[in-house]
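Structure, as structure tokens:
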Amino acid sequence: MSRRGHKSDWDRLDETDVRVRPGKGTRPRSKRRPEHADARAAMVVGVDRGRWTCALDAKPDQQIIAMRARELGRTPIVVGDLVDIVGDTSGRPDTLARVVRVSDRSSVLRRTADDNDPFERVVVANAQQLLIVCSLADPPPRTGFIDRCLVAAFAGGLKPVVCLTKSDLASPEKIIEAYADLELPFLVTRSDQEPDEVRERLTDQVSALVGHSGVGKSTLVNKLVPDAFRAVSAVSSVGKGRHTSTTAVALPLPDGGWVVDTPGIRSFGLAHIEPGDIVAAFPEFVEPVEECPAHCGHLGPPEDPDCMLDGITEEGRARPGRLESLRRLLASRARLEEYAD
């Protein structure tokens, strides 16, 4: 006789006999992630709409296309980033690898859209130097732009180098003299000569180039990288042939090194930069600023009447020209009209 449904059976049940399957949202998820021990190192040389052109082992002749792995989420990846890649790294047409790791950056070139924009954008990562291209005539030099580029370089950990073009039209002496106290390296070029000095300076380095329209930056890039147009076209093909003017592109130099062309950067918003970031580039003032009042902008009177830096020059511990140069850069960040060019 079957005992199914007998009352005495139900009486003997307690909560330990009830099996409750956990809901889908309460199941523990493993925190383990793939180690990707077989990942290959690469350098990002181009970005276009969710696809990254990467040079395996930073070699120009081993370029592949990759997407960002799901585990990276929305981790930003920019030109110059050093990444680890898995998947199909053959570089054959219609193949796609995955970026699974992004290394820590040794330097960053950042900017905001303007000085009131709270969102900073990393334009180039891991560049060793910033080549600021400025023409001596047609258009005339703009020291305000140079100052703001210097601020971005100092704050981002790049070594600034100023390249003055079109010296066959005007003399570079006035500009060089204006920055003498900053002890910047200057390179001077002219349209009827090869830029040998520039080429030597950039060889075996990763260098970002910035400059206004018409200063001769594209001409300079084409002389340094004979296949520049073809290289840009190849990177652009990632996005169906479209190359936007707001995207940086890394181009390989024939004798080693990379030039990162940044055609979209016409100005630098500096909202993300603090005064201390600029002062850090002037070793003689780093310790004295610690004695300045809170919120001191280090501009001196009347803006900062209690700034301690004036006393440093009066004591002979720093050259007055160095302090003037520092304050010009600080004023450029603050966009003070009396310092505007």
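The values are calculated or read from the model by the stated rules, or taken from the named source; none is laboratory data. Computed from a prediction, not measured in an experiment: that's the story for all the values here. All Cβ positions, even for glycine, are placed from backbone atoms using ideal geometry, and neighbour counts span all protein chains on display. Ligands, DNA and RNA are excluded from the accessible area calculation, which covers all protein heavy atoms including side chains. Shrake-Rupley method; radii C 1.70, N 1.55, O 1.52, S 1.80 Å.
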note = Scanning segment 273-297 residue by residue, those open to solvent by less than 50 Å² (accessible area, probe 1.4 Å), in a helix (DSSP H, G or I) and touching a residue at least 24 places away in the same chain (Cβ under 8 Å) turn out to be Pro275, Ile278, Val279, Phe285, Pro288
task = Read through the list (1) under 24 Å from Gln205 (Cβ atoms); (2) open to solvent by 30 Å² or more (accessible area, probe 1.4 Å); (3) modelled with pLDDT of 90 or more, then give the number of the only condition that Leu253 fails.
result = (2)
task = Quickly run through segment 282-304 and pick out the residues that are among the aliphatic types (A, V, I, L, M) and either more than 12 Å from Arg327 (Cα to Cα) or out of contact with any helix residue (DSSP H, G or I) (no Cβ under 8 Å at 6 or more places or on another chain) (or both).
result = Val286, Val289, Ala294
message = Go through (1) assigned to a loop (DSSP other than H, G, I, E, B); (2) open to solvent by 60 Å² or more (accessible area, probe 1.4 Å); (3) of a type outside the set (Val, Ile, Thr) for Gly300 and report which single condition fails.
response = (2)
message = Given the options Thr244, Thr262, name the one that is within 18 Å of Val78 (Cα to Cα) and either surrounded by fewer than 20 Cβ atoms within 10 Å (Cβ to Cβ) or modelled with pLDDT of 90 or more (or both).
response = Thr244
task = Find the residue count for segment 51-79, including only residues that are hydroxyl-bearing (Ser, Thr, Tyr) and within 18 Å of Arg92 (Cα to Cα).
result = 1
ask   = Arg101: assigned to a strand (DSSP E or B), open to solvent by 40 Å² or more (accessible area, probe 1.4 Å), over 30 Å from Arg328 (Cβ atoms) and not β-branched (Val, Ile, Thr), yes or no?
value = yes
